[in-house]
Amino acid sequence: MTNNTRPATQKGFTWLASYPKSGNTWFRAFLTAYGHKEGDVDINRLAARHGAREGLFERYLAIDGSLLSEAETFIARREIYLLLAETNTTTAPQKVHDANLPLANGKLLFPPEATHATIHLVRHPFDVTVSYAYHLGLAPNFDKCIDYMCNPEFKVDGLIFSQMPQVQSDWSTHTLSWMDMPDTRRVTLRYEDMLADGVHAFERALRVMYPEVEPDRARIERAVEATSFGKLQAQEAAGNFRERPPKAEAFFRSGKAGDWQEHLTPAQCARLAEALAPAMERLGYGPDGSVGPWIDTSSV
Amino acid sequence: MEPILNLIAESGQVPPTQLEDPSESTPFFEVGPQGFLLRTPSGGRLHYAPGQGISIATPPDRPSDDLAPIVRTSGFAAAGWLDGRVPLWANAVRLDTGRLVLIASDRDDVHEAMAAALSDAFGFAVSDAPVVIDPEDPSRVCTNGQPMTIRRTTKEATEPPVREGSRRLRTDRPAIDGTVVHPCAGLVCVEEGTAAQSKLSRVGLMNGISEIKKHIFMPLAGTAIWGAETIEAAHMVLSSNLPMLRYSMPAGRKPDAELAADLLDKLKSLGKP
């Protein structure tokens, strides 16, 4: 794999920020394919590792990460993001599922000072609910997953993959925390728009990630082709995907927009629409499950 | 060679707030040839200096024994580095021959589960991580003398945390004495395999260097104390002199009593470990 797109002097992290099951892994697969001269992608060697993995922090903590209390992990993460952003000029993009909310000291977990760019990926929360419920092994109990996605205090503990705890919050708070992050280069990409025109969506992202480099259209097209949902799904079926949670039957399960119609009841949709209205309205996501026109006027 | 545990007695002194001229510093530690100062994210301090032992300051809003698990891991490792030895993030299992086998993995839950399975199935004493090894004579290993702890991997775990609010849990398996230096038979790197059958294979020099690097604890502190060239040399010497094996578990399997027995059989088939 080559990385021919990042200027050597660039400082700060590029966050690939999303609620789970919103296209983050697909985007990482795209980045991997785009960075490979042949356009190849191995789903077990994806670009952009998890930004909450303990191994990222322990070196600078000199403490076993699992010895920290939850409150300490958030303090440590913010400090080390700042440290690395200042000293490390080769930092790769980091996948993150946290909401970017203020910590007890009032400072954002992902500080603008440590941020080069943010690629913010969103998906209609009805579809997120279904996909996330399968991911967590909850399906067909979608109500449990709706509880999570509507809970401002929702956290994941990262126990399985040796990650620090993460505050995901409810879907709307999570989404707005990234859309309203101050002083940062950002693009918000809707999953549905990525499905409709992946080349355009990924090109927008590359312009935000690498503002000094003109995206290579042919490489984008090749990477989009190499990372079609069917191809990623086939790779998982043929072997394994090490990021698949133990309770999920498959990581790449459906991938389509509108899958919620096969699973959610009207009452479940109404509950989601009411609780998550602020961000849904901002993004053109209708309470009837529709995906309306939307222009990301606040993106760079 | 003195057991590291003997070096980290608590002095009762007040730890400094900073070191003079540290060769490496992060928001959480400072280190140089004269000593090591750690700051926990909640404001505790731990200081170690050769000849002075450990001093700690516990934050007022944390329990009085808050730093004890950090003394036994980070303090223990710092003392090892400053005494010319290398801390490895591995569990040790004391076989019935009296020699230790170090168990490491890319994943804490895997090496901890295998060490626990060996202990549970055969009654072996087992150490907590880290252990400290002498790079010039890797048959000499020290442990921190504590019962092994395990990373919490499920919400349903019943073991108590070793530190308030932490995700590392206590167990009561028999510990390996930390007040003596133990002979060591080698290091086994446990991995999740892709084949139907388990396999035990020798690790060559270059792959051995890679493995050693992966399992070194507090590498940034060690590099600051020793210098990059010396650390690189230590990787090479350890890889050359420490017998290293890779145990690939059958696809889809987790460590259990059956795999512990399988590993032990395979080790014995290579000679008396």
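Restricting attention to the stretch B:132-153, which residues are over 17 Å from B:P174 (Cβ atoms), part of a loop (DSSP other than H, G, I, E, B) and away from chain A (no Cβ under 14 Å)? The answer is B:D134, B:P135, B:E136, B:D137, B:P138, B:S139. In the stretch A:53-64, the qualifying residues are those that are crowded, with 22+ Cβ neighbours inside 10 Å and touching a Lys or Arg at 6+ places or on another chain (Cβ under 8 Å), and the one that is nearest to the other protein chains (Cβ to nearest Cβ) is A:D64.
Go through the stretch B:92-112 and give me each residue that's within 13 Å of chain A (Cβ to nearest Cβ) and either at pLDDT 95 or above or part of a helix (DSSP H, G or I) (or both). Outline the logic, then answer.
Quick first cut of the stretch B:92-112, residues within 13 Å of chain A (Cβ to nearest Cβ) only: B:105-112.
Of everything in the stretch B:92-112, those that are within 13 Å of chain A (Cβ to nearest Cβ) and either at pLDDT 95 or above or part of a helix (DSSP H, G or I) (or both) turn out to be B:S105, B:D108, B:D109, B:V110, B:H111, B:E112.
Quickly run through the stretch A:143-182 and pick out the residues that are touching a residue at least 24 places away in the same chain (Cβ under 8 Å), within 14 Å of chain B (Cβ to nearest Cβ) and hydrophobic (A, V, I, L, M, F, W, C). Result: A:V156, A:I160, A:F161, A:M164.
Among the residues making up the stretch B:115-126, a single one is crowded, with 24+ Cβ neighbours inside 10 Å and part of a strand (DSSP E or B): B:V126.
Scanning the stretch B:186-234 for residues that are under 29 Å from B:A125 (Cα atoms) and within 16 Å of the chain's Cα centre (by Cα) yields a count of 15. Restricted to the stretch B:1-25, and to residues there that are part of a loop (DSSP other than H, G, I, E, B) and in contact with a helix residue (DSSP H, G or I) (Cβ under 9 Å, 6 or more places away or on another chain), the residue that is surrounded by the fewest Cβ atoms within 10 Å (Cβ to Cβ) is B:S23.
Which ones in the stretch A:184-226 are small (G, A, S) and touching a residue at least 24 places away in the same chain (Cβ under 8 Å)?
A:G198, A:A205, A:A223, A:A226, listed by residue number.
In the stretch A:275-289, the condition of being surrounded by fewer than 17 Cβ atoms within 10 Å (Cβ to Cβ), among the hydrophobic types (A, V, I, L, M, F, W, C), at pLDDT 90 or above and within 16 Å of A:V128 (Cβ to Cβ) is met by at least one residue. Filtering the stretch B:185-243 to residues that are of a type in the set (V, I, T) and in a loop (DSSP other than H, G, I, E, B) leaves B:T194, B:V203.
Which helices (runs of 4 or more DSSP H) does the stretch A:190-300 wholly contain that include 1 or more residues that are among the hydroxyl-bearing types (S, T, Y)?
So the answer is A:191-196.
Residues that are under 24 Å from B:T143 (Cα atoms) and modelled with pLDDT under 95 within the stretch B:13-50 comprise B:G32, B:P33, B:Q34, listed in sequence order.
One line per residue, one yes/no per condition, for (1) among the aliphatic types (A, V, I, L, M); (2) touching a Gly at 6+ places or on another chain (Cβ under 8 Å); (3) surrounded by fewer than 18 Cβ atoms within 10 Å (Cβ to Cβ):
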site: A:E214; (1), (2), (3): no, no, yes
site: A:R219; (1), (2), (3): no, yes, no
site: A:A223; (1), (2), (3): yes, yes, no
site: A:K256; (1), (2), (3): no, no, yes
site: A:C269; (1), (2), (3): no, yes, no
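Among the criteria (1) more than 22 Å from A:S69 (Cα to Cα); (2) free of Cβ contacts under 8 Å to residues at least 12 places away in the same chain; (3) not β-branched (V, I, T), the one B:P60 does not fulfil is (1). All of B:A129, B:A78 fail the test of being in a loop (DSSP other than H, G, I, E, B) and at pLDDT 95 or above, apart from B:A129. Here is the figure for the stretch B:171-190: residues that are in contact with a strand residue (DSSP E or B) (Cβ under 6 Å, 6 or more places away or on another chain) and surrounded by fewer than 16 Cβ atoms within 10 Å (Cβ to Cβ) total 1.
Residues that are in contact with a helix residue (DSSP H, G or I) (Cβ under 6 Å, 6 or more places away or on another chain) and within 13 Å of chain A (Cβ to nearest Cβ) were ranked within the stretch B:34-69; the one that is surrounded by the most Cβ atoms within 10 Å (Cβ to Cβ) is B:F36.
Taking the stretch A:109-137 as the search range and keeping residues that are in a strand (DSSP E or B) and of a type in the set (V, I, T), which one is nearest to A:L195 (Cα to Cα)?
A:V122
Evaluation of A:M209 against the conditions (1) in contact with a Ser or Thr (Cβ under 8 Å, 6 or more places away or on another chain); (2) farther than 18 Å from A:L189 by Cβ shows that the sole unmet condition is (2). Does the stretch A:65-99 hold any residues that are more than 14 Å from chain B (Cβ to nearest Cβ) and either more than 14 Å from A:G12 (Cβ to Cβ) or touching a Gly at 6+ places or on another chain (Cβ under 8 Å) (or both), and which are they? Scanning the stretch A:65-99 gives A:T91, A:Q94, A:K95, A:V96, A:H97, A:D98, A:A99.
The values are calculated or read from the model by the stated rules, or taken from the named source; none is laboratory data. Small disclaimer: the values here were computed from a predicted structure and weren't measured. Backbone-built Cβ (ideal geometry, glycine too); neighbour counts: all protein chains shown.
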